[in-house]
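Take a look at the structure below.
Rule-based calculations on the coordinates, nothing more; no lab input. From a predicted model like this one, the values you see are computed outputs, not experimental measurements. Cβ placement follows ideal geometry from the backbone for every residue including glycine, while neighbour counts extend to all protein chains displayed.
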Amino acid sequence: MTRLLVIAGPTASGKTAAALTLARALDGELVGADSVQVYRGFDVGSAKPTAEELGGVPHHLLDVLDPDGFIDAVIYAQLADDAIAEIAARGRLPIVVGGTGLWIRALVRGLLDVPAPDPVIRASLEAEIDRRGSPALHARLTEVDPLAAAAIHENDAFRIVRALEIFKQTGVPAGALRAAHALGAPRYETFFATLELDAAELLPRIEARTDAMLAAGWVDEVRGLLARWPRGARAFGSVGYRQLVEHLCDGVPMDETRRRIVKATRVYARRQRTWFAGEASVEGHPGCVDWRGRPDALVDEPALEALRRWRER
């Protein structure tokens, strides 16, 4: 079975830097698990690593879709499986890095077996969202499926509809189905590393990164994207990009826009921390290891030696 190193955790926790250090130390290649970095042109605001930062380390699943393209956990897992197989065939270590928890779960655990979409139920829910708005249905989802609601933004109409659809079809919350599914054996011999930082430390990092992105031309990036793609393109719903679209199209002042970006990023990071804190352990399965801690502890010499032993055993 192929060995797979996963580096997961909340935004601004240092995942990419840690992954690059480990790729150089362990002869690895990176496989992205970031639902914004997959989009072409969404570079500054997704903290997409530059060619200079990569320094020759291959990074797969960046820039694979136009901003109006569709991707979900099913499609992601298929793309990642292909990239991992190619990396392993070269004798190198695949290193999955990102914070999109459902994608990583689909890759490591496999895909959840749920009923196919029901056109009638889906049309009814979509019509209700059109009438009442996504937050109203997100509130309903919170009542019937708090696990799923905690992992879905209140404006993510597609995922809200799908979770409510599954509940209507099965009578079982999608979050509970996914939690049970997460207990299954991993599809790879996985070293699953989750980066953890206290909220008090993460907030200043989020603020500093937001300011650095704005200074690096994030507004101009979004302005250029809006010149090519409609405001309703899927990728513009991402954290930070949504707020900058409102700044450019609706006249929201820049200081208020920055405040909204920081707030939205904090909420997203909190949801990520909740997701990964509740993710089932891979420990106990042959060849699989769990690790949780600070990013600097993952790349110190004891951790590197542990990873070398895991890879070689």
Task: For q = 0.26, 0.28 Å⁻¹, Debye-computed log10 I/I(0) when each Cα of the range 212-269 counts as one equal scatterer - done: -1.17, -1.30
Task: Integer Hz, Karplus 6.51/-1.76/1.60 couplings in order for the range 142-159, x for Gly and Pro - done: 4, 6, 9, 8, x, 5, 5, 4, 5, 9, 10, 5, 5, 9, 8, 4, 4, 6
- [ ] In nm, give the distance between the simple-model label positions of L111 and V144, each being 7 Å from the Cα along the Cα-to-Cβ direction.
- [x] 2.4
Task: More than 14 Å apart - percent of Cα-Cα pairs taken over the range 119-179 - done: 46
Task: D (Stokes-Einstein, µm²/s), Kirkwood Cα radius, the range 59-98, 0.692 mPa s at 37 °C - done: 294
Open item on the list: Give me the extension gain from A136 to Q78: residue separation times 0.36 nm, minus the current Cα-Cα distance, reported in nm with one decimal.
Closed with: 17.6 nm
Task: Expected-Rg normalisation [2.2 N^0.38 Å, Cα atoms] applied to the range 123-238 - done: 1.40
Open item on the list: Can you compute the FRET efficiency between A85 and R292 using 1/(1 + (r/R0)^6), with r the Cβ-Cβ distance and R0 = 30 Å? Round to the nearest 0.05.
Closed with: 0.60
Task: Rh (Kirkwood; distinct C-alpha pairs) - the chain, Å - done: 20.4
Task: Residue-wise HN-Hα coupling along the range 242-256, computed from phi with Karplus coefficients 6.51, -1.76, 1.60 (Hz; x: Gly, Pro) - done: 4, 5, 6, 4, 5, 5, 6, 9, 10, x, 5, x, 5, 5, 5
Task: Peptides ranked, highest mean first, by Cβ atoms within 10 Å: ranges 284-296, 147-159 - done: 147-159, 284-296
